[in-house]
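Q: If you scroll down you'll find the structure; I have some questions about it.
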Amino acid sequence: MSDTLPPSAETALVLFSGGQDSTACLAWALHRYARVETVGFDYGQRHAVEMTQRLAVREAMIGAFPAWAGKLGEDHVLDIRSFGAVASSALTEDREIEMTERGLPSTFVPGRNLAFFIYAAALADRRGADVLVGGMCETDFSGYPDCRRATIDAMQSALRLGMERPFDLQTPLMKLTKAETWDLAHQLGGDKLVEITVAESHTCYQGVRDELHPWGHGCGECPACELRAKGYEEWTAGFTGGQ
Ligand code: ZN
């Protein structure tokens, strides 16, 4: 990736949940920016495992990549439980994961990514970071309207206007399939980063970590596990990023 990603002196704040996508985003930012901090959100998720695995991913990356360790700054966790209490979903309540009557999965948390960016921007302003990095993706589209680049563009405009700061909202996974996200991790950090992603990152909606599959831990049946497993299988089958 070094030919396409020129280094930048800028500071980036990565929206980091500890999942496969945000792990790839963190590596992408560490490759590209001089200084990188991470932010996670406690919005009353059903499963605390996300919050422990995000630290495990950071530690594993620090241990495996000395060049990145020197760039990786503070981790922040913002308590936005009051938001989680307003926006109900299958991620914050004990509800079935299914399609709702308005055609969105019950895992959709209305306005979640918008709230994440507002909180992240307020933090970034304090931390002197102009770049915000998020793992939103419209390719493996689960029907989340706040994952679309058009939504992110509108958010970027709102934040620039509302905070008088030249925010740059980067979404490096926006056009990638899940197979291409595995490939991006491999390009950025080789087998080591793929191994860290498999062993430490957590994506499963059910919070299951007792079973290790080739693609990582998870129940293997929820939509997040299905996407992750399918992408891994496509990538290991020789998928080369659309060539
Ligand atoms: Zn699962």
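Q: Would you confirm whether any residue within region 219-229 is within 16 Å of the ligand (Cβ to nearest atom), of a type in the set (Lys, Arg), over 16 Å from the mean Cα position of the chain (by Cα) and not in a loop (DSSP other than H, G, I, E, B)?
A: Taking every residue of region 219-229 in turn, none turns out to be within 16 Å of the ligand (Cβ to nearest atom), of a type in the set (Lys, Arg), over 16 Å from the mean Cα position of the chain (by Cα) and not in a loop (DSSP other than H, G, I, E, B).
Q: Separate question: Which one of these does Gly44 not meet: (1) within 17 Å of Arg112 (Cα to Cα); (2) out of contact with any Gly (no Cβ under 6 Å at 6 or more places or on another chain)?
A: (2)
Q: Now a separate question. So Met163 fits all but one of (1) among the aliphatic types (A, V, I, L, M); (2) away from the ligand (no atom under 16 Å from the Cβ); (3) open to solvent by less than 40 Å² (accessible area, probe 1.4 Å); what number is the exception?
A: (3)
Q: Mind listing whichever residues of region 150-180 are over 15 Å from the mean Cα position of the chain (by Cα) and among the basic types (Lys, Arg)?
A: The answer is Arg160, Arg165.
Q: A further question on this structure: Can you pull out the residues in region 201-217 that are within 20 Å of Asp183 (Cβ to Cβ) and open to solvent by less than 50 Å² (accessible area, probe 1.4 Å)?
A: Of everything in region 201-217, those that are within 20 Å of Asp183 (Cβ to Cβ) and open to solvent by less than 50 Å² (accessible area, probe 1.4 Å) turn out to be Ser201, Thr203, His213, Trp215, Gly216.
The values are calculated or read from the model by the stated rules, or taken from the named source; none is laboratory data. Predicted model, so just to flag it, every value in this text is computed and none were measured. FYI the Cβ positions are ideal-geometry reconstructions off the backbone, even for glycines, and counts take in every protein chain you see. These area figures cover heavy atoms from the full protein model, side chains too; ligands, DNA and RNA do not enter into them. Shrake-Rupley method; radii C 1.70, N 1.55, O 1.52, S 1.80 Å.
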